[in-house]
Amino acid sequence: MRIAIVNDMLMAREALRRAIAKIPDCTLAWIARDGAEAVQRCTDDTPDLILMDLLMPIMDGVAATRRIMSQTPCAILVVTATVEGQATKVIEALGAGALDAVQTPVLELSGQLGLASTLELKIEAIRPLTNRDRSHLGRFTGTLRQKPAPINPLVVIGASAGGPAALATILRDLPVNFLAPIIVVQHLDAQFAPSLASWLGGQSTLAVRIACEGDQPRPGYVLIASTNDHLIFVDSKTLGYTREPRQTFYRPSVDVFFESVADLWRGDVVGILLTGMGKDGAKGLKTLRNSGAVTIAQGPESCLVYGMPKAAVELDAAVEILALKEIAPFLTNSLKSSSHGGYK
């Protein structure tokens, strides 16, 4: 895997260069000292992965990520010295198409690298995406059949890589009087969940906040899973968190949440699986479909990473396969804007 470094700090560039040298089958593609230089270098030589700093002169990491993803898209990992202090900018970069964020390794006086193992884990998680599958599996264009108005309509969404930008697109296109509660499980370190909720809230007329233990979904609110434990329904109305199952790679898990919805929610459900690596959410979406829910997978052309939705399609878990811009109109047209709610 060819990896590029974009960073204006000499010590950081050297630490990243040494970290890359220690990872099997990884080589240094090139180094840029600011975002504008990175955009140009990508045009001439697009790498498999970019390690993108946030705070740089001329053009910062958010703007550079946005330009690169629109012109010469490739995998981007935000690598910054102050992940916690730059949470808002991290979310903006993720919204622009970056896949994840990690703290910059530290080049210690002894010559050893601190925090390099965390960077390596992130790179290994991204490695499969450098050969990501964007093959078109077709899409369904049907509409919901006539059915009685539900008592408790609910929209549940799972997402991973590319999810923040996809979620923003959906939420900004929903009307302020959209009546179904929305609950989101996004693969993201818990430290970024509050910033994600705040950033998405700025994109939507709906209220967006993190989901807390004991919350009950309400129309007009979007709740975001906010810990590294699994978000679940603990009864037919109430949300909670659990460490079980412990062996799941993704925490929080979309599968675990969707299955709890199928088991406990009393009302009609629309389940949506958006862009993301891996297969998390596919089995859960199938469980939702088997329980009578309307299920949607994001189509391949609009996915940053066509992994999770593809797995759902292969399981025949999706009633509908829709381009990203079609999802909000589908929801709006399906759920009547009336005091009683209901599906057309």
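Regarding the stretch 237-248, can at least one residue be identified that is assigned to a helix (DSSP H, G or I) and among the hydrophobic types (A, V, I, L, M, F, W, C)? Outline the logic, then answer.
Step one: filter the stretch 237-248 for residues assigned to a helix (DSSP H, G or I), giving none.
No, that holds for no residue.
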| remark: Of the conditions (1) at pLDDT 95 or above; (2) surrounded by fewer than 14 Cβ atoms within 10 Å (Cβ to Cβ), the single one that Phe249 does not satisfy is (1)
| message | Please determine whether any residue of the stretch 47-55 is modelled with pLDDT of 90 or more and surrounded by fewer than 20 Cβ atoms within 10 Å (Cβ to Cβ). | response | yes
| query | Restricting attention to the stretch 263-317, which residues are in contact with a helix residue (DSSP H, G or I) (Cβ under 6 Å, 6 or more places away or on another chain), farther than 23 Å from Phe233 by Cα, at pLDDT 95 or above and not in a strand (DSSP E or B)? | reply | Ala311, Leu315
| field | Qualifying residues in the stretch 320-340 (those that are farther than 25 Å from Leu94 by Cβ and either charged (D, E, K, R) or modelled with pLDDT of 95 or more (or both)) - the one surrounded by the most Cβ atoms within 10 Å (Cβ to Cβ) | value | Glu320
| task | Scan the stretch 57-71 and give yes if some residue there is within 20 Å of Met9 (Cα to Cα), assigned to a loop (DSSP other than H, G, I, E, B) and of a type outside the set (A, V, I, L, M, F, W, C), otherwise no. | result | yes
| message | Testing Pro164 on (1) without any contact (Cβ under 8 Å) to a residue 60 or more places away in the chain; (2) over 21 Å from Lys283 (Cα atoms); (3) in a helix (DSSP H, G or I); (4) in contact with a Phe, Trp or Tyr (Cβ under 8 Å, 6 or more places away or on another chain), one condition comes back false. Which one is that? | response | (1)
| Can you name the condition, by its number, that Asp53 falls short on among (1) under 23 Å from the mean Cα position of the chain (by Cα); (2) charged (D, E, K, R); (3) farther than 20 Å from Leu94 by Cβ? | (3)
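The values are calculated or read from the model by the stated rules, or taken from the named source; none is laboratory data. A quick note: this is a predicted structure, and the numbers were derived from the prediction, not measured. Ideal geometry is used to build each Cβ from the backbone, glycine not excepted, and the neighbour counts take in all protein chains shown.
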